[in-house]
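Inspection log for the structure reproduced underneath, given as structure tokens.
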Amino acid sequence: MNYRILCLLVVGCLAFLTAGCSKKSVQSDGRTSSAARPPIQEPLPNLSLDDPSGTERLSSGIAVAKNDPVTARRLMDEGRAEQAATAAAGLRDVYFGYDSWTISEEGREVLGRNAQWLRTHPGVQLKVEGHCDERGSSTYNFVLAEKRAKVIMNYLTDLGINRGRLAAVSYGKERPFCNDRSESCYQQNRRGHLVVKP
């Protein structure tokens, strides 16, 4: 038994000693030197002919938008136009309980009034945004916000609004309405926000 322990110790010591020497190389004159490691190179982003202009594809295959001032200005202008059209329409948000996508009685009343407005404006397209408060992971909140947006879409469809006029978008906790860390602020962030697309 002692013989086995001794053998294991010898093998362990040899492994330890040879591990430190593996990075050295012997040169022609007999001297040893540490092997030079090749520099780590970051892979360059690649472009695909199928990607729209203003995007680049990372080595992982994910396409991302480049910082293009013309596109950024266009998106800002579109956002302002949506805000103005939504404010003019007077549509109200629907608020949810913590960790819930169930529409409350008050939310059903709000959606009833919103649906009435949509019926009198049959050409209007609507974006339903799902939002959450900051608690929980980004992934969890993204899914929860998506469920909130979809339940609103389904309810509006049940009230007779053509589903083709509605689009759901989930922002999770990424676009808070209120930034304070209080329950009243969290309540304002747990919402389904209806946006008129001009």
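Since every read-out is calculated from the coordinates, none of them should be taken as a lab result. What you see is a predicted model; the values in this text were computed from it and never measured. As a convention, Cβ positions derive from the backbone with ideal geometry for all residues, glycine included, and neighbour counts pool all protein chains shown.
For region 123-146, filtering for residues that are out of contact with any helix residue (DSSP H, G or I) (no Cβ under 8 Å at 6 or more places or on another chain) and of a type outside the set (V, I, T) leaves 9. Filter region 108-149 down to residues that are touching a residue at least 40 places away in the same chain (Cβ under 8 Å) and of a type in the set (G, A, S) and give me whichever is nearest to N179 (Cα to Cα). By that ranking, first place goes to G130.
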